[in-house]
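Below is one structure, written out as structure tokens, with a few remarks after it.
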Amino acid sequence: MVLAESWGTEDMRTQIFDKTVKGFALATYKFKQAVSVVPTPGWKNYFWREHPDALTAQTGNAIKGIPRGAAFPQASVTFERIMSVIEKYGLEDNIPYEDLISDDIDVRDRTLLRIAEAVAKAVDDEIWDVLTESQSPANIQSITITGGRWWSAASAAIIDDLLQAKELIAVKNYPTNNLMCFISPKDHRSIMNYLAEKGAQFPTVGADVAINGNVGKIAGINLIVSNSVTASYAMVCVPKRCGTWRELVPLTTVTKEDPLKSLTIRSAEIGVTQLTDPKAVVLITPTS
């Protein structure tokens, strides 16, 4: 039996690098947990957005109180056809051979992790922008904080703001038992201070950011801290219902070695975000 590969060959190293990058990126993504991840074979992707309001009958022909033998009122579901085009996200670096074998730090592994982090952050930025309509609500719902009651102020009403977002989503007939609220690090600090000042009768959130940014719950809503969140904004959404990440190519890493010269590490992901259910999203502003 002839063994074509050993532990030090390029194919084996490529697989190891790919696994390292994917493992790190999975803990780095914040917004992918808000959307459904669905594979796609196409470059152009169409989806149908259904009108979110409950059906109503025509004026003068109510659903309630149909007379004996009378015709039923009619109501039709309406849809909007939307197209999205796949986008490619990627990054690479070329590490000289001398750095690989002699640097004081493990430049290869650090490069792997930082490249994974950058690609994951770029995808998160895109999902945030699509779900919030670039922070300019047209189809999604929104709450405007007035009277100087932003979350960093002494007069903040954070729990009421979150409950209002929950109410808006419930009115549109979406489930509210597992909502997520994406916040900035600054708003995380404001929430911590707010809860500390209100006393032990209020729920608490974690001081540390756990995997995928989760810091606990408040008002029954999961809080997720992310640097992709634009300053002075927060977003509450129904996870897996509000949007879809159409994945043409999942995060993949390859390496190319030029013996005794350099090692190229390249990572890419190809997909697109679709805002399928805009009424399952509430944008809150200004939070600070």
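Quick note: the coordinates plus some simple rules give every number you see, no bench work behind them. These figures come from a predicted structure and were not determined experimentally. Cβ placement follows ideal geometry from the backbone for every residue including glycine, while neighbour counts extend to all protein chains displayed.
Relative to the compact-globule estimate of 2.2 N^0.38 Å, the Cα radius of gyration of region 81-185 comes out at 1.65. With the simple model of a label 7 Å out from the Cα in the direction of the Cβ, Ser262 to Thr59 spans 7.1 nm. Taking the inverse of the average 1/r across all pairs of different Cα atoms in region 37-137, what Kirkwood radius in Å do you get? Result for region 37-137 stands at 19.7 Å. Grouping the Cα pair distances of region 234-288 into 10 Å bins from zero gives a pair-distance distribution of 20, 26, 23, 16, 11, 4 percent in increasing distance order. Estimated translational diffusion coefficient (Stokes-Einstein, Kirkwood radius over Cα pairs, 20 °C, 1.002 mPa s) of region 103-153: 148 µm² per second.
Give me the lysines in straight-line cross-link reach of Lys198: C-alpha distance below 24 Å, same-chain residues under 8 apart excluded. The qualifying lysines are Lys166, Lys186, Lys217.
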